[in-house]
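Read-outs: derived from the displayed coordinates by stated rules, not from any lab. Because the structure is predicted, anything quoted here is derived from the model rather than measured. For neighbour counting, all protein chains shown are included, and Cβ atoms are generated from backbone atoms with ideal geometry for every residue, glycine included.
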Amino acid sequence: MSQYKEAPTNPAAANAAAPTESGHPHDLEPAPEIDQLRAELEKARTEAGENLDRFLRAKAETENVRRRAEADVTAAHKYALERFAAEIITVRDSLDLARNLELPKDTNPAVQKMHEGLDLTLKLLDSVFQKFGVTLLDPKGQKFDPERHQAISMVDSVEVPPNHVVNVVQKGYLLNDRLLRPAMVVVSRAAAKPAGEA
């Protein structure tokens, strides 16, 4: 083995390894390229942060759009029958009125059978309503609810508590908890006391 060391072939490496006046090899001022690289790195980090922020916002917006679209499709499926149901409930009203007519005792048996057939038709129609989420509102005796009832008049009553439905003039309907038609009702109010009572 040789006792001599080979001289470095790269003069820049030799200069970098050579000690400076203070005795440390790295006491030189940073090269302008290093400052430029640091600035570019900082700029790249800032841009990366901005891009990440834009990406996260776009992802959140996409998720919100997807949720809204899902909700719209669900509502469209749930309430697709709204116009049809609003029309068919008037047919049920007519059948209900016909069924509630009192027939004289001497009515033709064929007419009586047809009248009884109205019950079956109403039951069949009600089962179809139930199948498709149409619910009857018949609030007699219930507390008046302005969200579901339409008061057409008020009457004094001692039998029924104030602000309760005394009579249902026209039944209301819901479609999957959405109001199709409010029930038209007569609402009770406290009876006025005679002038002599205090």
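Worth a mention:
- Qualifying residue in the stretch 114-132 (condition: surrounded by 15 or more Cβ atoms within 10 Å (Cβ to Cβ), among the aliphatic types (A, V, I, L, M), on the phi < 0 side of the Ramachandran plot and within 34 Å of the chain's Cα centre (by Cα)): yes
- Looking across the stretch 77-107, not a single residue is surrounded by 14 or more Cβ atoms within 10 Å (Cβ to Cβ), small (Gly, Ala, Ser) and free of Cβ contacts under 8 Å to residues at least 24 places away in the same chain.
- Residue, nearest to the chain's Cα centre (by Cα), within the stretch 151-166, restricted to residues that are surrounded by 14 or more Cβ atoms within 10 Å (Cβ to Cβ) and closer than 14 Å to PRO182 by Cα: ALA151
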